[in-house]
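Peer 1: Dropping the structure in here first, questions after.
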Amino acid sequence: MTDTTARAPVQQPTPVPALRAWTVVLAGLGALLCSLFMITQLFQLGFGESPLQAGVRILVWTGMPLAVAPLAGALADRFGNRPFMLGGLALQAAGLGLLAWQVEPGVAYGRLVLPLVVAGIGISLVFPTVANAVTSSVPPADAGVAAGVNNALRELGGVFGIAVAAAVFTRYGGYGSAERFVDGCGPALWVSAGVAAVGALVAALAPARAPAQGLDVRRS
């Protein structure tokens with residue numbers, strides 16, 4: 001005899017891979033906007049550049065996603081998200097750490113190019129793969145909700161990133177002079193590098209490939 005009794009769907013908990021991916025979002029965006037907040041001011045207040053000159057000089061960093069992100073997204077479909085999330089956050093941490101080490105009054109722009117490029121490549125690897133990791137780690141019916149949470153956490157990561165950068169900056173420096181600004185900018189960038197490194201550790205625990213979703217499990 002066939003059991004036709006309707007059963008209410010079981011509410012499943014949020015998958016652990018999604019939680020890890022959202023942690024990567026918080027760390028990656030927090031580090032990015034923390035460093036962006038400081039670097040744009042560094043070139044203007046610390047090095048005396050105009051806003052246009054500062055924007056042109058950091059294009060080696062902010063322009064990287066245009067070239068790298070599409071390729072990273074395509075390769076992640078083949079090799080999985082974890083290598084790109086892990087490698088991207090590791091590169092971001094290394095680039096920001098190297099930048100913090102190089103920053104000093106009167107430093108030549110040429111010494112800052114490599115750290116900016118490395119950090120830019122790093123975040124370019126994270127952007128497309130973490131979004132894919134989030135949406136693919138939940139059932140298809142929940143993909144929209146997961147994407148919405150992903151976007152919200154990106155904003156939250158930016159808010160906390162800038163707040164932490166400002167707190168560290170005011171502890172070690174200030175706006176009184178170019179030298180004072182550089183004194184505070186370095187520690188803030190070190191903190192940004194540390195946040196990205198924490199994200200890399202979390203990304204190392206993510207599954208190499210997204211688990212299969214959408215399978216209905218029914219009791220007979």
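Peer 1: Just the residues that are over 18 Å from the mean Cα position of the chain (by Cα) and open to solvent by less than 60 Å² (accessible area, probe 1.4 Å), please, taken from the stretch 53-62.
Peer 2: 54, 55 - these are the residues of the stretch 53-62 that are over 18 Å from the mean Cα position of the chain (by Cα) and open to solvent by less than 60 Å² (accessible area, probe 1.4 Å).
Peer 1: Given the options 176, 186, name the one that is open to solvent by 30 Å² or more (accessible area, probe 1.4 Å) and either modelled with pLDDT of 80 or more or closer than 23 Å to residue 69 by Cα (or both). Give the steps one after another, and end with the answer.
Peer 2: On the way: 186 fails: open to solvent by 30 Å² or more (accessible area, probe 1.4 Å).
Going through 176, 186 in turn, just one is open to solvent by 30 Å² or more (accessible area, probe 1.4 Å) and either modelled with pLDDT of 80 or more or closer than 23 Å to residue 69 by Cα (or both): 176.
The values are calculated or read from the model by the stated rules, or taken from the named source; none is laboratory data. The model shown is predicted, which means the values in this text are computed figures rather than measured ones. With ligands, DNA and RNA removed, areas are computed over all heavy atoms of the protein, side chains included. Shrake-Rupley method; radii C 1.70, N 1.55, O 1.52, S 1.80 Å.
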